Structures are given as structure tokens and as C-alpha cells.
Amino acid sequence: MAGLIQILRRRKLARRAMPEGWLTILNLQVPFYGRLADEDRTRFLQYLKQFVWEKHFIGAGGMEITDEVRVVIGACAVRLILNLSLSYYDRLTEIIVYPYVYSHRDDNRAILGEAQDWGTVVLSWPAVLQGLADSRDGHDTALHEFAHVLDRATGEFNGTPKLKSSEDYRPWAQIMSRHYLRLRQGVTPESNSLRPYGAVNEAEFFAVATEAYFERPHQLKNYLPDLYAELQEFYGGDPASETEPRI
């Protein structure tokens, strides 16, 4: 019953008119939106409305939650599931946003963002904007944390999101494990194509590989073609054909 109610609620949200100004925010603040094919834009905008109006955005540290904040962060989240389903975010209930790079009380380490186990994503707004400002540096905090949410959709952070069929899990495990271990060993081309943070554990490897798939698709496809193909099988699309290679 809960599933049916959610489906009906999302259909209702999709029928609501998009607020004036959202397209302006997307065109000014979200570079990848302008590269979407026409048929993808319709689905993207539908998912965006559903995501923004369904999730709770909470300001922390004096952060004001505006339409710009909701739309930009929502766009980053929807980018990952454009060819999947909004159901991958069913466990996500709230997004907490800080106006600065924050830290925990018992730890002075600077934190750009984190995905928590109980359905919360925390983001530094400057880090979100920085990730969009350079769309090809392989580092995007919002993409990274929302990739963790997709990972958690299976019940735990283990680097394996919900795949399309049971037959997909073996090749996924083989390819991901091989490149993860090579990144831990610091060998190339993994160490040149993926951020070192991906060597922390399997969950971080998946999140870092996701950043590379969307931000460095040409490099990933050229040097780690099997990893690119595995991520493409999951995410869909073909970012390497949608962007110009960095000269």
C-alpha cells in the first residue's frame, strides 16, 4: 500500500507546473543540464520536481534554503538516476545543507559532505557549487554523496547498488574489485584516472568511480574501458559521447 501511495503522490507532483525561475537556475548553475538531449530533458524535469518537492531540505549553520539550493542539489541527485528510477532515493528523506565546509564537534576534520545510514545527506553548499564549477576535474561532492545513497539502497554501504538483474552481480564484483585493489596498490592507469580517496573502501571506490564516469568519461573509457562499460550498464547513457574531451 505504501508503494502505491508513493507512486500516486509522485504522479501528482509530476503534473504540477514547474515554478517560474527553475529553468533560469538550471541554465545558469547546472552546466550538464544544457547538454541533455531533448528527450532526456522532459524526464529530467519530471524527476527534478518530484525529488525537490518530496525531500526535506534543512538549513544548518545559518544556511537559508532557497529555490536555487533545492534545484541545484536536486539536479545533481537526478543526474545519477535519469536512466534508472526515482525509487533509488526512497530511503533518502532529508538533505541538510551548510553554508560552509563543516566539521563534527569531536573532530576538526573539514567535511564537504556525507551520506548517513538513516536516510540523510549532508552537504556543504560551497562544495556543491565547486563541483559544478569545474565539471571535468573528477571531483563532485554532490555526485559522490548521492552515489552513496544509491549504494545504500540495497541495505548497506558496500559499493554495490541495486543492479538490474541477478546475473549482473558477478561481473560487477569482478570488475569493481579488480580496479579497487589496483587503486589501493597505486598502480596505473587506476591511480591516474580515479581519485585516491576511492582506495579507502569499496563504498568510496564506487562513489569515486561515479564521479569519474560523469566528469572524466573520456579518460575513464580510454584507460579503464571495462570499468566504464560496467558503470554505463548501471547508469545508462554515454557521457563520453555527450561531452567534448579535455584538450
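Every number here is computed from the coordinates shown, using simple stated rules; none is lab data. What you see is a predicted model, and the numbers here were worked out from it, not measured in a lab. Cβ placement follows ideal geometry from the backbone for every residue including glycine, while neighbour counts extend to all protein chains displayed.
A cut-off of 5 Å between modelled amide H atoms, ignoring neighbours fewer than 5 places along the same chain, links Glu94 with His56, Val121.
Segment Glu156..Leu23, full-extension length gain: 44.4 nm, with 0.36 nm per residue of separation and the alpha-carbon distance subtracted. Could you give me D for the range 9-152, from Stokes-Einstein at 25 °C and 0.890 mPa s, where the hydrodynamic radius is the Kirkwood radius over C-alpha pairs? Units µm² s⁻¹, please. In µm²/s, the coefficient is 159. Charged side chains reduced to their Cβ positions (Lys and Arg at +1, Asp and Glu at -1) give the range 9-152 a dipole of some 700 debye around its Cα centre. Compared with the direct C-alpha span, the chain from Glu94 to Leu181 gains 28.0 nm at full extension, assuming 0.36 nm per residue.
P(r) tail for the chain: Cα pairs beyond 27 Å make up 34% of the total.
Calculate the length of the line joining the C-alpha centroid of the range 170-222 to that of the range 49-128, in whole Å. Computed from Cα coordinates, the inter-centre distance equals 24 Å.
GNM on the chain, alpha-carbon springs under 10 angstrom: the most fluctuating residue among Gly34, Gly159, Gly198 is Gly34. Listed by chain and number, the lysines whose C-alpha is less than 20 Å from the C-alpha of Lys49, apart from same-chain residues fewer than 8 away, are Lys12. If the Kirkwood radius is taken over C-alpha pairs of the range 166-242, then at 37 °C and 0.692 mPa s the Stokes-Einstein diffusion coefficient equals 269 µm²/s. Take the alpha carbon gyration tensor of the range 185-225, find the square roots of its eigenvalues, order them as a ≥ b ≥ c, and report rounded if a/c is under 1.5; if not, report prolate when a/b exceeds b/c, else oblate. Taking the square roots of the gyration eigenvalues as a ≥ b ≥ c, the range 185-225 is oblate.
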